[in-house]
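Engineer: Handing you a structure now.
Throughout, read-outs are computed from the coordinates displayed, never taken from laboratory work. These numbers come from a predicted model, not from an experiment. Virtual Cβ from ideal backbone geometry, glycine too; neighbours counted across all protein chains shown.
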Amino acid sequence: FCLLRGFAAEEDLIESLANMSTNERIKAIQKMPETMRKKRDIRNKVLKEITKKSRHPGARPSHCAQCLQGAAVSFRRFGNTFSEYFHQLRLWHKTLKIIGAEFGTSVLSYFVFLTWLLNFNIFSFLINFSFITVPQFLAAEPNNLSFTGLELFTGAGYFQQTVLYYGFYTNATISKIENGPSYNMQLAYIFTVGIYFVICFLILVFSMAKLFSRNFVNPQAFSVNASKLLCTWDFNITNEKAVKLKQRNLRTQIKEDLTDVNKEVLNFSVMERVLRIATHLLAWIASLGTAAAACTGVYYLSINNLRLFMKGYRNDLESQTAMLVLPVIVSLLNTLIPFFFSWLGHLEKFQTPGQHIYVTITRNIILKMSIVGILCYYWLNIVAASESQCWETLVGQDIYRLVLVDFIFCLLGSFFGEFLRRIIGTTVCMSLGLPEFDIGRNVLDLIYAQTLTWIGILFSPLLPAIQMIAFFIVFFVKKVSLRRNCQPPCKVWRTAQMTTSFIFLLFCPSFLGVLSVTGVTVWRLKPSEECGPFRGLSSMYAAVAEWIQTLESHTASKWVAWIYQNLITSELFFFILSSFVLIVTYLYWQIIQGRKTMTKLLRKQINN
């Protein structure tokens, strides 16, 4: 009776599998808790059942059903082909695999972060170009200035009368057809920038949440380590190069996992602990003092730079050279001081490479964000109050030069910091050996560059396009420099949380600081009287207030004015919204605490 019952259950299983689609059937068979031989037997029986049904005269589908089935197959093949070609267009996909296999996940995290920023700037460029730059082309006047080539380095001259800068954009309503639809450039400018920052905020928050759930809550930490040896090989790989790459990648992952398992706990004597604390304290005093001295120098240099600029120059070459003094000094400080921080980290002799990298990143973020803060104070409090005819364009030119010179110094850093270091370590001083890739310094270079781009979007809408090209070049330069000049880390370690930490640093303090700067510019500062889309207004935000007043006179648009007055400008609404968010956050926190308790109980059951 049991045999008959088992045979009937198997027939029902085969019947149900035969009625499934191909993908569902494959997944269902894979999930079965059976041996491979049993799964193959089930698969063969299902295929026989499908063949038997197709030969049955009554099972043959109608002509319409055959057409629909053929169209579905063709569409699926087209989708697979399209996705395959799109996958090949990602030039860095294979490169990331090779870097991960040869240098481990610590170095790979830098390149993953770089490609993430590259995609981010592509998105930024598309938004600004579509809604701000393209409409301006319709109302643009011819540029009468001559192009000499120096503008590529200074951003002044010919570029001053182009769509690159805020001052070139009109404050008129663009309309090419009489009595036709119009385009309000003031509203387009402020709403595009505002909505862009909202989208950036959401992308950063969701990216952090996704990476946190994937990396910090690591399910592999509670799984059997032998699964990496027994269950990770892909038997579909047949190409010899792909097999070797997969072997190197798997070998590196096993080394990283073994490093986590075999952590050494060092016991120091009291004297050694005191000596280590004194070394760390002196290193922090030296790093903070260096950052303070650099910020002081940048402040006085920027004040002197504005005075020289307002006085004018005897010839154009002198003015072009003077414009580059501030960005060159700032980039020089941002390039040389991180090398000093890395040297301090080596003197401190941290127990793990992760501690060394995170401390170096913290010191670099203090340096770079302090310099950016000094520059923002200079732009918003000194340049904005100067006698310049268009202070927004002046700020945009400053940021353009900073972005460009920082990019050049980034390339020079790869040459002098890695290439010459390899030459010295392999020919002059053999004991030095090949250099390791400095993750902390390179990551902070990316965050600094992206911060400048965010600040400059309001004053130079096409700045993301320049940063996009710069990141694209940096990716391939760093790839070549890494593979030719650097060696894999001496201590292999797993860095599941590093990419999450990078995006967190990009969010705070970088992005939140940029929001503060943008908020002060939009709500507090008075725009220039003779240039830009907000000329003649008390503030940039005044354009929105005037638009709301216009809507109140139209009956069909009064609901927009009601939402603005009762929701957007209402403190009560934001108080209720904040309370709701706090309640939801508290509920989720309680759910997480309950899940942690359940996880502990399940682990105890597994151990028992």
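Engineer: Normalized C-alpha radius of gyration of the range 104-537, against 2.2 N^0.38 Å? If you can, show how the numbers build up before the last one.
Structural biologist: Values: Rg = 24.6 Å, N = 434, 2.2 N^0.38 = 22.1 Å.
Cα Rg divided by the expected 2.2 N^0.38 Å: 1.11.
Engineer: What whole number of Å gives the distance from the Cα centroid of the range 338-387 to the Cα centroid of the range 510-567?
Structural biologist: 34 Å
Engineer: Students often get this wrong, so check it: of Lys349/Lys479; Lys31/Lys244; Lys27/Lys479, which have C-alpha atoms separated by over 31 Å? Numbers along the way, then the final one.
Structural biologist: Details: Lys349/Lys479 28 Å; Lys31/Lys244 29 Å; Lys27/Lys479 38 Å.
In this structure, Lys27/Lys479 lie more than 31 Å apart at Cα.
Engineer: So, R0 is 41 Å and r is the distance between the beta-carbons of Phe153 and His93; what FRET efficiency does that work out to, to 0.05? Don't skip to the end; give the middle numbers.
Structural biologist: Numbers: r = 34 Å, r/R0 = 0.83.
So, using R0 = 41 Å, E works out to roughly 0.75.
Engineer: Counting other Cβ atoms within 10 Å, keep those with at most 14, restrict to DSSP loop, and tell me which trypsin sites (Lys or Arg not before Pro) in the range 323-398 are left.
Structural biologist: Values: sites: Lys349, Arg363, Lys368; in loops: Lys349.
Qualifying residues, ordered by number: Lys349.
Engineer: Moving on to the next point. About the Cα centre, and with charges only on the beta carbon of Lys, Arg (+1) and Asp, Glu (-1), how big is the dipole of the range 414-552? Nearest 20 debye, please.
Structural biologist: Working: 12 positive and 8 negative charges, 167 e Å.
Dipole of the range 414-552, to the nearest 20 debye: 800 debye.
Engineer: May I ask you to evaluate 6.51 cos²θ - 1.76 cosθ + 1.60, the Karplus curve with θ = phi - 60°, for each residue of the range 358-365 and list the ³J(HN,Hα) values in order in whole Hz, giving x for glycine and proline?
Structural biologist: Per-residue couplings from phi come out as 5, 5, 5, 4, 4, 5, 5, 5 Hz.
Engineer: Just in the range 409-508: which chymotrypsin sites (Phe, Trp or Tyr not before Pro) are loop by DSSP and have at most 14 other Cβ atoms within 10 Å? Can you show the working numbers first?
Structural biologist: On the way: sites: Phe409, Phe415, Phe416, Phe419, Phe437, Tyr448, Trp454, Phe459, Phe471, Phe472, Phe475, Phe476, Trp493, Phe502, Phe504, Phe507; in loops: Phe437, Phe459, Trp493.
In loop regions of the range 409-508 (DSSP not H, G, I, E or B), there are no sparsely surrounded chymotrypsin sites (Phe, Trp or Tyr not before Pro).
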